[in-house]
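Reviewing the structure listed below.
The values are calculated or read from the model by the stated rules, or taken from the named source; none is laboratory data. Source: prediction; values computed, not measured. All Cβ positions, glycine included, derive from the backbone under ideal geometry; neighbour counts span all protein chains shown.
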């Protein structure tokens, strides 16, 4: 195991940003403390050729450019304080109403105008016998993006000798608030040579949250016999005729106990690459990236629709308005703790 620290650039206020590289004998993962962003994951294909399998940039300037921020797809970032949507930006906690930023149609999305994806996190590295990691911390102060409470967040990234990439979240607050943290990495197992529509996805989930205009109705519905059924592995584009903008949906993992369990896999036949997903979270948002912007990097157009698929383990969207959903409330004295593992496999 090896970990390397380099300079990634400077923010507009002259703050220095770092880049950390976690490496074992097969996998190399780069993470910056700006937005706790995973900028690249290099893994070999079945012929031993290593390529970057996530959407990201090689320098900080691209992440803070007007072109990228204007159509921000949150490549690789930690999302918070509340991942996904809050309907109409209306948040009520213990009888107090908070009006949140409206930044996605009529709704509040991914923590607001300046969420955790745009913050500079403190970072420290560590090495153990069988793994290496980065501990990232951030204090979201009371009133930031109008959320109540001083929220102390820790995100721990680890890579081990068995090609398991772990993301562990911890949080504590001094005032009742809401927390729903996730990571927004977009995977493309062809190394970006093709889009993700021929990737194959399998999920253990037999249910999903019914959605209207990306907001849950409160109903939990079966996926069997619909385009949303991935209980048997299938190509992402197989049933997309009725979905003009692809998938952007929350699947119910029926994991009320919060155990770390296997919930699905993504694979691509030509490369032989495969990712297995394990999580303690109750849901996963499958987003196939229809709205990903096409950006010009060094004179070359990159990304665009279906350039990557996000496998966002999470609590359900708009949980704050549905008592039957797993709660996202965090009170003083309680500890928020979630973990997701992406296991990289070559078949």
Check your understanding: Can you pull out the residues in the range 252-264 that are buried (at least 20 other Cβ atoms within 10 Å of the Cβ) and in a strand (DSSP E or B)?
Key -> 252, 263, 264
Check your understanding: Hey, among the residues in the range 104-128 that are within 13 Å of residue 89 (Cβ to Cβ) and crowded, with 17+ Cβ neighbours inside 10 Å, which one's farthest from the chain's Cα centre (by Cα)?
Key -> 107
Review point. Out of all the residues in the range 77-103, which are surrounded by fewer than 19 Cβ atoms within 10 Å (Cβ to Cβ) and without any contact (Cβ under 8 Å) to a residue 40 or more places away in the chain?
Key: 88, 95, 97, 102, 103
Point to revise | Criterion: in contact (Cβ under 8 Å) with a residue 12 or more places away in the chain and more than 19 Å from residue 84 (Cα to Cα) - qualifying residue of 299, 224 | key: 224
**Study point:** Restricting the range 183-207 to residues that are within 14 Å of the chain's Cα centre (by Cα) and not in a loop (DSSP other than H, G, I, E, B), the residue that is surrounded by the fewest Cβ atoms within 10 Å (Cβ to Cβ)
**Key:** 187
Exercise for review: Would you be able to say whether some residue in the range 168-182 is within 25 Å of residue 346 (Cβ to Cβ) and either crowded, with 20+ Cβ neighbours inside 10 Å or modelled with pLDDT under 95 (or both)?
Suggested key: no
Check your understanding: Do you know which residues across the range 104-125 are outside any loop (DSSP other than H, G, I, E, B), under 26 Å from residue 159 (Cβ atoms) and either in contact with a helix residue (DSSP H, G or I) (Cβ under 9 Å, 6 or more places away or on another chain) or in contact (Cβ under 8 Å) with a residue 24 or more places away in the chain (or both)?
Key -> 116, 117, 118, 120, 122, 123, 125
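For every residue, the table says whether it meets (1) part of a loop (DSSP other than H, G, I, E, B); (2) over 27 Å from residue 309 (Cβ atoms); (3) touching a helix residue (DSSP H, G or I) at 6+ places or on another chain (Cβ under 6 Å); (4) in contact (Cβ under 8 Å) with a residue 12 or more places away in the chain.
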residue: 136; (1), (2), (3), (4): no, no, no, yes
residue: 152; (1), (2), (3), (4): no, yes, no, yes
residue: 159; (1), (2), (3), (4): no, no, no, yes
residue: 162; (1), (2), (3), (4): yes, no, no, yes
residue: 165; (1), (2), (3), (4): no, no, no, yes
Check your understanding: Taking into account only those residues within the range 236-251 that are surrounded by 15 or more Cβ atoms within 10 Å (Cβ to Cβ) and free of Cβ contacts under 8 Å to residues at least 40 places away in the same chain, which is nearest to the chain's Cα centre (by Cα)?
Key -> 243
Revision key, fill the gap. Over the range 16-35, the set of residues free of Cβ contacts under 8 Å to residues at least 24 places away in the same chain and touching a helix residue (DSSP H, G or I) at 6+ places or on another chain (Cβ under 9 Å) is 19
Review point. Regarding residue 74, is this residue outside any strand (DSSP E or B), touching a residue at least 24 places away in the same chain (Cβ under 8 Å) and farther than 28 Å from residue 343 by Cα?
Key: no
